[in-house]
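Step one of this worksheet: look at the structure below.
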Number of protein chains: 2
Amino acid sequence: MKRISLAHGDGGELTHTLIQELFLSAFQTTASPMLDAAIVSMPANEIAVTTDSFVVQPLFFPGGDIGKLAVAGTVNDLAVSGAVPLYMTCGFIIEEGFPYADLQRIVNSIAAEAAKNGISIVAGDTKVVERGSCDGVFINTTGIGVVRHKSKAAYLQEGDAVIVSGSIGDHGIAILAARNELGFTTEVESDCASLSAMIEDVQHGTGGVRIMRDPTRGGLATSLVEICEDFGITIILEEEDLPVHPAVAGACDLLGFDPMYVANEGKVILIVSAAEAEQTLSLLRQHPEGAEAAIIGRITDTQSGELRVRTVFGATRKLRRLHGMQLPRIC
Amino acid sequence: MKRISLAHGDGGELTHTLIQELFLSAFQTTASPMLDAAIVSMPANEIAVTTDSFVVQPLFFPGGDIGKLAVAGTVNDLAVSGAVPLYMTCGFIIEEGFPYADLQRIVNSIAAEAAKNGISIVAGDTKVVERGSCDGVFINTTGIGVVRHKSKAAYLQEGDAVIVSGSIGDHGIAILAARNELGFTTEVESDCASLSAMIEDVQHGTGGVRIMRDPTRGGLATSLVEICEDFGITIILEEEDLPVHPAVAGACDLLGFDPMYVANEGKVILIVSAAEAEQTLSLLRQHPEGAEAAIIGRITDTQSGELRVRTVFGATRKLRRLHGMQLPRIC
C-alpha cells in the first residue's frame, strides 16, 4: 500500500509531486501553486475571515468525513456572519505512514464540497510528522468571504423568535457511535452539511433575521449562552419544542448527556423578529437541511443576559456553557 | 503545574476562559472574539493569502520559538509576494497535559512578533487532543495582505542578478543542534525573522526587483529550481559566492548535507536587473537581517529552465529539488 513518508513533507521533490498529483488535480487551483502566497481579487471592502482546525476521530464517519466537515464548518461560519464564502486555504498535518488512498479520499471530499459551494482553494500547506506524533491527519482551514448582510444585532428585542434549523445533537452522537463509545449501535448520522445556500435564501426572503450562529462544539446551549451574554438579552427556550431525533434522545438518556450540549455540524440558530418567524421557518423548510426547523424560544427581556429553559413541567432553569462533559475530537 | 486539559478544547466554559485569559489579552483582538467569523476592512481589491502549519520540534530553540516562527513565516510569504501583511489567523492544536506556561510563552511570542509587524490577529481556534495524539502544540497561521507591488516576472532577462539576503542553512542546522542530532555542540542560531520592513525598503528604493522568494523547507536550491521551472529561466550560481557561516559549513560537511538544501527562516531570494543589483545590495545591508546579502548568480538564458552551480573548480552541474534528505519538523 502506498503511504505518506516524511519526505512528502520536506519541501523537495516528493512534496512537489504530492502537490501536483493529489492536491492540484483535485482542487483545480488556478493561482500559481508554488508561490508563497496566492493573489486573488476581492470584490468588497469588508471581508469575513474564519479559521478552524479539524481533528475529528474517526476520520470517516456516518454522514461525512474530516474533509467534508472542514469545508462545511468553514462555509457555515462565514454564512452565519452574513458573508458569501469565496476562498479557502487548507493546511494538512499528516502522520508518517498514513495511507495515500485515505488522503486521496479526504482531498476529493474537500474538493467536492468546496465546488458545491463555489469556493476556490487558493493556498495550501503540507507537513508530515513522524509516526506517533499526530493522529492520522489534522486539517486546518481558513475561509474568506464577502460580507453581504450586515449584522442586525442592534434590533434584537423582546418577543423575537429563536429558531433552530433542525434536530440537535446528531453529530456528537454519530461520532461517539463511530468510536464505539456508546456501548450500543445506533442509526444516527452526522448532520455535517454546508448551509450557505439555505442561509442565503433566508436572508433574501426575509428582512427579519437579527443574528445567526453555528452551534458546533458546546452545542445549542453554549452558543445561545454566548449570544445572551454578548448582547445582554434573556432567552427562554421551550424544552418540548426542541427538535431531537429519538435515537439521539435515547443515547443521551443512557449516557447522561443533554442534547442541548451535544455538537452539531449542519445547524444554524437564527434570532428573528416575531413578525417574520413563520416566513423564516417556511424558507428554511424548503431545504432538506432545514426540513425540521422549529421555533424553540423567545427573547423575554433585553437586560439580564441569561439563557433559560422552560421544562415540560413549566418551571424554568438557567443554562450555562458546557462544563465538564468531555467529548474530545468531535470536529 | 497548570496544564491544558481536554476540557480546554470542548467549546464550553474552560475554552471560553482560556480564550479570554490567554489569547485575547495577548492578542488584543478588537473583533468580537466569540463570533464565528471576524469582519475586517480590506483597503484593496487584490489581496494576498498564505497558509502554513508549524510543527517544529523543539518548540523553543536558539534564535526563536514556534510562535515567532509562525508569524515570521507568514509575514515573509506575504512580503515576497509584494504584499503588506494586515491580518492573521491562528489555529492551535494542543496536546492534553501541555504546560500552560509554555502556551503562554508561545502566545506572547506570537503577539510580540505580530505587533512588530503591525498585524492584527483576527480569528483563532483551539483544539485539544488526547495525550499522545499530537506532539505538544501545532500552530496553523493564515496571513492576509494587501498587494502593493505587482510581480515583474515578465521582465526576467539574461544577466539579471540573483541575490540572497544573507547566510544560508542556519535555521535547519540550529534545529538539528537543538534536537541533539548533530553529535556535537554548535553556536548556530536560527535566522528566524520577519523581513517585511526590509523588503518594503528594497521595493521603495529600487524598481529593479523582478521576483522574490522565501527559501524555507528545501533550502535555497529547491526554491531556485521552482523559479527556474516556473519561468523557464536558467540560473548559474557561483558556489564561492554563497554566504555560509563557518559553523553551518562545518556541520554540513560532517553530516553530508549541502547548505543549499538546508532550511532558512529569515532569508529572501531576489532576482534583480543587473543595473540595480548593487543598489539592491546596499538597501538590504542597511538592515541587520540583510547585512550579509550577496549576489550569488545570474540568469544565463530564458529558455531551458535549469538551475546550475559553478563549483570552485569552474565546472557547472545541474541542481534539482531536495530529494531524500529527511529533516522533518524543522518548521
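The values are calculated or read from the model by the stated rules, or taken from the named source; none is laboratory data. Everything numeric here is computed off the predicted structure, so don't read it as measured data. Ideal geometry is used to build each Cβ from the backbone, glycine not excepted, and the neighbour counts take in all protein chains shown. Remember, those area values only see protein heavy atoms, side chains included, never the ligands or the DNA or RNA. Shrake-Rupley method; radii C 1.70, N 1.55, O 1.52, S 1.80 Å.
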Q.
Given the condition at the interface with chain A (Cβ under 10 Å from one of its Cβ atoms), farther than 23 Å from residue A:130 by Cα and crowded, with 24+ Cβ neighbours inside 10 Å, answer yes or no: does some residue in region B:56-64 qualify?
A. no
(Q) Any residue at all in region B:231-247 that's under 16 Å from residue B:176 (Cα atoms) and in contact (Cβ under 8 Å) with a residue 12 or more places away in the chain? (A) yes
Q | Filter result (small (Gly, Ala, Ser) and touching a Lys or Arg at 6+ places or on another chain (Cβ under 9 Å)) within region B:291-314 | A | B:291, B:293, B:297
(Q) Given the condition under 25 Å from the mean Cα position of the chain (by Cα) and among the aromatic types (Phe, Trp, Tyr), answer yes or no: does some residue in region B:93-104 qualify? (A) no
Q. Somewhere in region B:49-69, is a residue within 28 Å of residue A:213 (Cβ to Cβ) and modelled with pLDDT under 90?
A. no
Q) Can you tell me which of A:263, A:277, A:249 is aliphatic (A, V, I, L, M) and surrounded by fewer than 18 Cβ atoms within 10 Å (Cβ to Cβ)? A) A:249
Q) If you check A:248, A:262, which single one turns out to be among the β-branched types (Val, Ile, Thr), touching a Cys at 6+ places or on another chain (Cβ under 9 Å) and within 23 Å of residue A:68 (Cα to Cα)? A) A:262
Q) So residue A:329 fits all but one of (1) farther than 19 Å from residue A:209 by Cβ; (2) away from chain B (no Cβ under 12 Å); (3) modelled with pLDDT under 95; what number is the exception? A) (2)
Q: Scan region A:309-322 residue by residue and report those that are crowded, with 16+ Cβ neighbours inside 10 Å and within 21 Å of residue A:230 (Cβ to Cβ).
A: A:309, A:319, A:321, A:322
Q: Please work out if residue A:283 is touching a His at 6+ places or on another chain (Cβ under 9 Å) and in the same structural domain as residue A:197 (by TED's automatic domain parsing).
A: yes
Q. In region A:252-282, what residues are polar (S, T, N, Q) and either closer than 22 Å to residue A:185 by Cβ or out of contact with any Asp or Glu (no Cβ under 9 Å at 6 or more places or on another chain) (or both)?
A. A:264, A:279, A:280, A:282
**Q.** Extreme residue, surrounded by the most Cβ atoms within 10 Å (Cβ to Cβ), among residues of region B:161-210 that are in contact (Cβ under 8 Å) with a residue 12 or more places away in the chain and among the charged types (D, E, K, R)
**A.** B:170
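Condition check: within 18 Å of residue B:195 (Cα to Cα) and either within 12 Å of another protein chain (Cβ to nearest Cβ) or open to solvent by 20 Å² or more (accessible area, probe 1.4 Å) (or both). Does residue B:291 satisfy that?
Yes, satisfied.
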Q | Close pairs from region B:33-52: first at the interface with another protein chain (Cβ under 7 Å from one of its Cβ atoms) and closer than 16 Å to residue A:143 by Cβ, partner at pLDDT below 80 and open to solvent by 10 Å² or more (accessible area, probe 1.4 Å), Cβ under 6 Å, at least 6 apart | A | B:38/B:31
Q | Residues located in region A:13-27, provided they are more than 10 Å from residue A:126 (Cβ to Cβ) and under 27 Å from the mean Cα position of the chain (by Cα) | A | A:24, A:25, A:26, A:27
Q: Would you mind finding the one in B:18, B:14 that is more than 9 Å from every other protein chain (Cβ to nearest Cβ), touching a His at 6+ places or on another chain (Cβ under 8 Å) and over 28 Å from residue B:185 (Cβ atoms)?
A: B:18
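I'd like to know if region B:98-109 contains one or more residues that are open to solvent by less than 10 Å² (accessible area, probe 1.4 Å) and within 28 Å of residue B:223 (Cβ to Cβ).
yes
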Q: All but one of (1) farther than 30 Å from residue A:71 by Cα; (2) in contact (Cβ under 8 Å) with a residue 24 or more places away in the chain; (3) surrounded by fewer than 17 Cβ atoms within 10 Å (Cβ to Cβ); (4) not aliphatic (A, V, I, L, M) hold for residue A:306, so report the exception by its number.
A: (3)
